[in-house]
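The values are calculated or read from the model by the stated rules, or taken from the named source; none is laboratory data. Source: prediction; values computed, not measured. Every residue, glycine as well, gets a Cβ built from its backbone with ideal geometry; the counts of neighbours run over all protein chains shown.
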Amino acid sequence: MFDVNFWQWAIVISSSLLMFLISPFAKTNDTFFRAKSETNHAPGVFLLTSSMVISWIFAKSITNAANLGMAYGFVGGIAYATYYLSFIVAGIVIYRMRTKGGYNSIHQFIGAKFGMRAVAIFSILIAFRLFNEVWSNTMVIGSYFGEKGSSPYYAAVLVFTALTLAYTLKGGMRSALMTDMVQMGLFSLLLIIILGVLLPREQGDLGKFVQSGEWKLSQGLNLLFVALIQVFSYPFHDPVLTDRGFISTPKTTLKSYALATVIGFTCILLFSFVGIYARFNQLEGEAPVAVSRSLGAAMMLMMNFIMVTSASACIDSAFASFSKLTVVDLGNPEKASAFRGRIAMIILAVVGTLPVFLGPEILSATTISGTMVIGFAPVFLCWNVKVPPLAFYLSVGAGVVIGLLFTLGWFPADLVLFPGKYGDLFSVNLLGTVLCFSLFFLSKFLKR
């Protein structure tokens with residue numbers, strides 16, 4: 001008898017063992033924290049691009065893309081794929097910060113321009129982001145093994161986290177990049193296979209997928225406009241993305257960000273076709289799970305494999321970035337060591353897994369949303385504009401407050417400008433971003 005559960009476990013364990021074998025053992029700080037090779041070479045375009053793409057095509061992300069495809073058709077897929085324009089925004093800003101400003105890290109820039117208190121606030125916000133990456137991705141993996149709260153669900157979460165931690169401990173950032181390259185290859189192959197199964201079932205009519213949905217505000221366009229606003233702030237609260245902007249030469253890095261934009265946008269849009277297929281066939285529930293279950297055990301295993309690949313790529317990068325954040329960026333670089341970096345990874349693995357066992361309330365309370373960080377837009381887009389340190393606190397503070405008001409349901413209904421689903425989110429981000437930019441520049445006069 002074909003035991004799906006057995007093969008699901010086999011995928012998790014075997015893929016993790018493969019990643020462990022691929023991972024180099026980091027003997028130096030440059031290898032562990034900056035992903036340099038044993039011969040002291042920085043990552044090239046191919047390695048850097050594949051790492052950036054797969055670390056952002058995480059399990060929760062592709063689930064969201066498929067669900068939006070199911071809800072709104074092609075419009076939903078375009079809306080979510082638009083977030084991947086974050087790559088080119090971050091790439092251009094970081095390139096200019098390095099070549100024109102001479103900065104070697106985001107933390108160096110913030111510390112030099114806004115002071116160490118600003119560094120502390122910024123670090124807290126991005127630490128929450130990394131913390132969220134752990135539980136949000138492991139929960140997706142757990143859902144393929146059992147219902148939330150069941151023993152198989154918890155077992156899958158714990159085992160998957162431990163196995164991912166094991167190979168990341170081995171080589172730090174270098175492990176993350178090397179395994180990301182393999183995981184990107186696996187993801188691409190599996191995506192081709194999955195689409196190769198789904199498209200013929202709709203007579204291979206690609207136009208049918210592209211023409212699905214309606215280009216209306218209430219049918220996904222609201223979210224598209226939210227994404228267009230947030231791409232100017234969202235990438236800067238993710239150290240997984242920004243850390244990779246400082247480990248190769250500026251030109252190599254800019255090329256990688258540009259390629260990652262095209263590849264990431266395309267991959268996430270194509271995966272939304274899974275949800276569009278679910279829409280055509282009136283399936284219910286989480287789109288990837290519903291589609292895979294409707295097509296039998298083989299598709300279930302392929303979907304499970306693609307989720308494992310994307311989730312592990314995201315979590316290993318989160319571990320690597322957290323170790324750099326705590327040991328190098330916030331610590332004493334002279335005392336930084338791979339040993340301390342490994343301890344930091346273990347701490348994140350434990351703390352990041354705890355919310356899975358504490359219920360949905362704690363998950364909501366610990367989530368930093370894209371709206372809460374809209375105040376980063378003027379800080380980074382106007383990085384070379386002369387403003388007092390107050391500009392950081394006003395802009396970032398306003399963004400956090402607005403995000404909290406919206407999350408808690410306290411945003412005034414009279415200020416919702418657009419109808420339909422996500423209309424309130426669009427309104428909040430539009431008005432909030434205008435406010436953040438206004439306060440950023442107003443700080444010059446307030447200081448006087």
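Observations on the model:
- Every residue from the stretch 209-226 that is within 25 Å of I306 (Cα to Cα) and in a helix (DSSP H, G or I): F209, V210
- Output for the stretch 245-280, where each listed residue is in contact with an Asp or Glu (Cβ under 9 Å, 6 or more places away or on another chain) and either surrounded by fewer than 22 Cβ atoms within 10 Å (Cβ to Cβ) or not in a helix (DSSP H, G or I) (or both): F280
Here is a yes/no grid of residues against (1) over 27 Å from F109 (Cα atoms); (2) of a type outside the set (S, T, Y); (3) touching a residue at least 60 places away in the same chain (Cβ under 8 Å):
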{"site": "M303", "(1), (2), (3)": "yes, yes, yes"}
{"site": "I306", "(1), (2), (3)": "yes, yes, yes"}
{"site": "S321", "(1), (2), (3)": "no, no, yes"}
{"site": "V327", "(1), (2), (3)": "no, yes, yes"}
{"site": "G331", "(1), (2), (3)": "no, yes, no"}
{"site": "A336", "(1), (2), (3)": "no, yes, yes"}
{"site": "V350", "(1), (2), (3)": "yes, yes, no"}
{"site": "T353", "(1), (2), (3)": "yes, no, yes"}
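- Restricting the first member to the stretch 22-36 and to residues that are free of Cβ contacts under 8 Å to residues at least 24 places away in the same chain, and the second to residues that are part of a loop (DSSP other than H, G, I, E, B), the beta-carbon pairs closer than 7 Å and six or more apart or on different chains are D30/K36; D30/N40.
- Within the stretch 80-130, being hydroxyl-bearing (S, T, Y), under 13 Å from Y257 (Cβ atoms) and within 20 Å of the chain's Cα centre (by Cα) holds for Y84, S86.
This table checks each residue for (1) over 30 Å from E284 (Cβ atoms); (2) in contact with a His (Cβ under 7 Å, 6 or more places away or on another chain); (3) surrounded by fewer than 21 Cβ atoms within 10 Å (Cβ to Cβ); (4) hydroxyl-bearing (S, T, Y).
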position	(1), (2), (3), (4)
L18	yes, no, yes, no
W56	no, no, no, no
G69	no, no, no, no
S86	yes, no, no, yes
G102	yes, no, yes, no
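- Residue check, P24 modelled with pLDDT of 90 or more, within 21 Å of the chain's Cα centre (by Cα) and either buried (at least 19 other Cβ atoms within 10 Å of the Cβ) or within 19 Å of S323 (Cα to Cα) (or both): no
- Every listed requirement among (1) closer than 30 Å to W7 by Cβ; (2) part of a loop (DSSP other than H, G, I, E, B) is met by T138 save one, (2).
- Scanning the stretch 398-409 for any residue that is in contact (Cβ under 8 Å) with a residue 12 or more places away in the chain, part of a helix (DSSP H, G or I) and under 20 Å from A90 (Cα atoms) turns up at least one such residue.
- Enumeration of residues in the stretch 98-116 that are over 15 Å from F376 (Cα atoms) and touching a residue at least 24 places away in the same chain (Cβ under 8 Å): R98, T99, K100, G101, N104, S105, G115
- Positions within the stretch 410-428 being touching a residue at least 40 places away in the same chain (Cβ under 8 Å) and in a helix (DSSP H, G or I), in sequence order: G423, L425, F426, V428
- For the stretch 2-110, the helices (runs of 4 or more DSSP H) that sit wholly inside it and include 3 or more residues that are hydroxyl-bearing (S, T, Y) are 4-22, 45-56, 59-72, 86-99.
- Criterion violated by Y167 - all others in (1) more than 22 Å from S50 (Cα to Cα); (2) aromatic (F, W, Y); (3) surrounded by 16 or more Cβ atoms within 10 Å (Cβ to Cβ) satisfied: (1)
For (1) crowded, with 17+ Cβ neighbours inside 10 Å; (2) in the same structural domain as G423 (by TED's automatic domain parsing); (3) touching a strand residue (DSSP E or B) at 6+ places or on another chain (Cβ under 6 Å), each residue gets a yes or a no:
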position: D316; (1), (2), (3): yes, no, no
position: T326; (1), (2), (3): yes, no, no
position: I343; (1), (2), (3): no, no, no
position: L348; (1), (2), (3): yes, no, no
position: V373; (1), (2), (3): yes, yes, no
position: V385; (1), (2), (3): no, yes, no
position: S395; (1), (2), (3): yes, yes, no
